[in-house]
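The structure appears below as structure tokens.
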Amino acid sequence: MGRVDVNNRLRAAAAAAAAAALAAGLAACSPEEPDGHDRSGKHYYVSLGDSLAVGVQPTADGGLEETRDGYTDVLYRRLYDRDSTLEHRRMGCGGEDTTTFVEGGTDLCEGRYAEESQLAAAERFLGRHRDRVDLVTVGIGANNFTGCVLDAVEGAEGTEGAGAEPSAGSGVVTGLDGIDRDCVADGLERLEAELPVIARRLRGAAGPDTRIVGMTYYNPFLAALLLEDAGAAGAGPGTGGADGAAGAEPRRSEAVDYATGVFEDMNRVITDAYTAEDIAVADVAGAFASGDTSVPAGSETGMPANVERVCDHTWMCNLAVGPDIHTNPAGAALIADAFEAELGRP
């Protein structure tokens with residue numbers, strides 16, 4: 001695929017993502033009495049976060065769209081099977097990083113929240129329905145960094161720094177040696193400053209007894225060298241798994257090692273910030289075997305476990321609609337598993 005084709009598909013993806021985000025809107029609040037207290041008898045699961053929380057998926061024409069197949073939707077369906085009186089209040093928005101989550105301002109979420117930011121909207125809802133909220137999940141922080149990497153991807157001129165919608169678009173991932181490390185440092189600085197504020201404000205709004213679960217993140221860029229090799233060899237597209245580059249073993253790369261270190265630092269900050277406010281943390285990085293560089297016994301691909309898990313559970317190794325860092329249906333279920341495992345702890 002030529003550079004012009006890649007650029008066109010990336011622009012189409014950004015436009016589709018913006019349109020989907022603006023069209024989806026935020027569902028209306030439940031009926032309330034004049035005093036602001038919910039007397040509807042409903043109880044709620046509230047999900048907050050970025051594009052993973054609202055099930056963003058790549059489309060066949062190179063765009064992006066919100067779906068009802070994100071990890072929060074999978075988790076809700078499981079919870080609903082056990083309690084059909086539970087309602088899902090879906091408050092996430094694609095493209096959010098920690099700064100826009102607190103302050104608002106991302107174009108993808110413009111007009112979605114009357115309170116100007118997702119955090120303020122969440123505080124209002126939790127304050128008015130505190131005694132009826134059974135669970136809050138939140139996934140935020142990866143977009144502090146993804147744009148820094150995507151700006152290094154060939155043909156990614158349409159992305160805009162750390163706040164960019166987290167998709168590598170279509171084409172072959174190359175040029176990771178050009179990662180903007182100043183951008184990464186800024187993203188980590190903002191994460192360290194803002195995530196404790198997010199955790200503290202959510203805990204304050206929800207009260208001490210409401211279950212809140214955050215999440216760490218998987219590292220989709222583990223697949224970068226695999227895709228680079230597959231593209232150079234002219235490998236055909238896969239189907240959402242590792243088909244497009246089966247048998248290829250990723251080369252060692254300082255850039256990929258650096259990206260891995262960034263994700264490890266990010267997940268450490270996330271864990272520390274949430275834990276300080278008695279917020280549990282779903283180990284999504286662990287579910288994706290992010291630190292396991294061994295090749296599983298009997299592997300048919302010869303890939304390390306962490307790379308194979310990314311290929312099997314995201315669109316990174318599907319050259320038909322990707323590479324794209326969002327989870328496929330199997331990945332959404334895997335993240336839901338991680339949340340369920342945390343919910344099962346006493």
Among the numbered conditions (1) surrounded by fewer than 23 Cβ atoms within 10 Å (Cβ to Cβ); (2) at pLDDT 75 or above, tell me where ARG252 comes up short.
-> (2)
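Does any residue of the range 74-94 turn out to be among the β-branched types (Val, Ile, Thr) and buried (at least 24 other Cβ atoms within 10 Å of the Cβ)? Working first, answer last.
Of the residues in the range 74-94, the ones among the β-branched types (Val, Ile, Thr) are 74, 85.
In the following step, the residues that additionally are buried (at least 24 other Cβ atoms within 10 Å of the Cβ) were identified as none.
No; the residues of the range 74-94 include none that is among the β-branched types (Val, Ile, Thr) and buried (at least 24 other Cβ atoms within 10 Å of the Cβ).
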Tell me which residues, restricted to the range 111-148, are assigned to a helix (DSSP H, G or I), buried (at least 20 other Cβ atoms within 10 Å of the Cβ) and more than 15 Å from the chain's Cα centre (by Cα).
-> GLN118, LEU119, ALA121, ALA122, PHE125, LEU126, CYS148
Here are some conditions: (1) in a loop (DSSP other than H, G, I, E, B); (2) at pLDDT below 95. TYR258 meets all but one. Which one does it not meet?
-> (1)
Odd one out for GLU228, checked against (1) within 27 Å of ASP61 (Cβ to Cβ); (2) modelled with pLDDT of 90 or more = (2)
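Those residues that are of a type outside the set (A, V, I, L, M) and surrounded by 21 or more Cβ atoms within 10 Å (Cβ to Cβ), I need them from the range 100-110; list them, please. Outline the logic, then answer.
To start, the set of residues in the range 100-110 that are of a type outside the set (A, V, I, L, M) comprises 100-101, 103-107, 109-110.
THR100, PHE101, THR106, CYS109 - these are the residues of the range 100-110 that are of a type outside the set (A, V, I, L, M) and surrounded by 21 or more Cβ atoms within 10 Å (Cβ to Cβ).
ASP283: of a type in the set (Asp, Glu) and under 17 Å from PHE221 (Cα atoms), yes or no? Before the answer, list the steps.
Details: of a type in the set (Asp, Glu): yes; under 17 Å from PHE221 (Cα atoms): no.
So ASP283 fails the test.
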For the range 272-279, does any single residue satisfy the condition of being at pLDDT 95 or above, of a type in the set (Ser, Thr, Tyr) and within 18 Å of the chain's Cα centre (by Cα)?
-> yes
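The values are calculated or read from the model by the stated rules, or taken from the named source; none is laboratory data. Please read all numbers here as calculations on a predicted model, not as lab measurements. Here Cβ is always computed from backbone atoms with ideal geometry, including for glycine, and neighbour counts include all displayed protein chains.
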